[in-house]
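The block underneath contains the structure these notes are about, expressed in structure tokens.
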Amino acid sequence: MAFTFVDFFTQAMAQPILFVILILVIGVTAVSGATDAPNAIATVVSTRCLTPNAAIALAAVFNFVGLVGMTFISTAVAKTMFGMVDFSGDTNAALLALVAAMIGAIAWGIVCWIFGIPCSKSHSLIAGITGGAIALNGWAGVVPVEWAKVIYGMVFSLVAGFILGWVFTKAIEALFRSVNRIYANRLFIIIQDLCAIALSFLHGAQDGQKFMSIAMLGVALSFGSSTPDSSGFPMWIMIVCSAAISLGTVVGGKRIIKSVGMDMVKLEKYQGVAANFSTTFTLLFASLTGMPVSTSHCNTSAIMGVGASKSIKRVNWSIAKSMLLAWVITFPACGVIGFVLAKLFMLFA
């Protein structure tokens, strides 16, 4: 369904809840920009290849490029988001359940941001809409085959990120063993800057499609359909979502950069390259195969793998454990919040 902003406005005048959904999509996207997007640039800042302000500006630009560019290349992630839950049934109840899901995801993201924990906005959103779908249609609201891709993506991002971080570190150490450290660091700075661009692009590609898909689902539901057209993302939605990600990164990015790139592991420049290579590969593979993964999962596991390649003691496991705890409780917490709020909202449907 290719529709202009005028089409959206006209439909929203008839069903004002669409304005609420768009505002919440902007909100949850901005929270992702503050809590998830900074992971893409954490290593380039911690290794002093870029200043925080320069890295944040770069992330803001290439999140937009990635969101738009990947949407023209592949919409596999959006198709997974559309297919994992079933919001069919009463239109008003479905729209209220969708609103409840996003409120839950935003609330959870704000709590994690306050404590400096890089929570997965992707997974909080997925858990929220799953709770909303269950509240609407019971367990029939979940499509196991598509939902399984979330589990595949989470396991893949954690395992691949850690292992590849370790492997790339060892490979770079072997290749540059006899190279003068000063010359090598100059090269590593250039590579890390390029990787920061690639990772910001891929974050926009991954998270942008997830959040745009919610806006599209809301519009489709307002027209009585529960299956949006994943090939019809209008440019105005791309601009709105990318602007929200960028705004969130500018406002809140430094807190997460400190937690991930500076407190968890102390990285040298070549280690930052290894972590970025790992995260780039993991995100690209997931985006092309339709696995909705989290940039924070990919990057933090890669950084832990890099640190562990030297010694297990090089990783600040107390910070790593707090992150893992946040990841573990995200699904049940956001799922329950989405479910309970959806049930409450549907009382007024």
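Among A274, A100, A12, the largest mean-square fluctuation in a Gaussian network model of the chain (Cα springs under 10 Å) belongs to A12.
For the chain, the relative contact order comes to 39 percent (Cα pairs under 8 Å, sequence separation of at least 6).
Working note: Karplus 6.51/-1.76/1.60 with θ = phi - 60° gives segment 276-290 the couplings 5, 4, 4, 5, 4, 4, 5, 5, 5, 4, 5, 5, 6, 9, x Hz, where Gly and Pro are set to x. Working note: 222 nm ellipticity from helices only, DSSP H runs with n ≥ 4, each -39,500 (n - 2.57), summed and divided by the residues of the chain, gives -26500 deg cm²/dmol to the nearest 500.
The lysine pair tally for segment 55-211, using Cα distances under 20 Å and a gap of 8 or more places or different chains, is 6. 3J(HN,Hα) along segment 339-347: 5, 5, 5, 4, 4, 5, 5, 5, 4 Hz, from the Karplus curve 6.51 cos²θ - 1.76 cosθ + 1.60 with θ = phi - 60°, whole Hz, x for Gly and Pro. Average accessible surface for the chain: 38 Å² per residue, computed with a 1.4 Å probe over protein heavy atoms with every protein chain in place. With all protein chains in place and a 1.4 Å probe, the accessible surface of the chain carries 74 percent carbon and sulfur. Phi-derived couplings, Karplus 6.51 cos²θ - 1.76 cosθ + 1.60 at θ = phi - 60°, listed residue by residue for segment 239-246: 5, 4, 5, 5, 5, 5, 4, 4 Hz, with x used for Gly and Pro.
Averaging the Cα positions of each part gives two centres, and for segment 108-172 and segment 43-64 these lie 24 Å apart. Fully extending the segment from V155 to I312, taken as 0.36 nm per residue of separation minus the present Cα-Cα distance, adds 54.4 nm. Restricting the trypsin sites (Lys or Arg not before Pro) of segment 156-244 to loop positions (DSSP other than H, G, I, E, B) with no more than 16 neighbouring Cβ atoms within 10 Å leaves R177.
Comparing I103, I126, I182 in a Gaussian network model of the chain where C-alpha atoms under 10 Å apart are linked, the largest mean-square fluctuation is found at I182. Between the amide H of V142 and those of D86, distances stay under 5 Å, these residues lying 5 or more places away or on another chain, with hydrogens modeled in the peptide plane.
The values are calculated or read from the model by the stated rules, or taken from the named source; none is laboratory data. Computed from a predicted model, the values in this text were never measured in an experiment. Please note: Cβ atoms are built from the backbone with ideal geometry, for glycine as well, and neighbour counts cover all protein chains shown. Just so you know, the surface numbers come from the protein's heavy atoms only, side chains and all, with ligands and any DNA or RNA stripped out. Shrake-Rupley method; radii C 1.70, N 1.55, O 1.52, S 1.80 Å.
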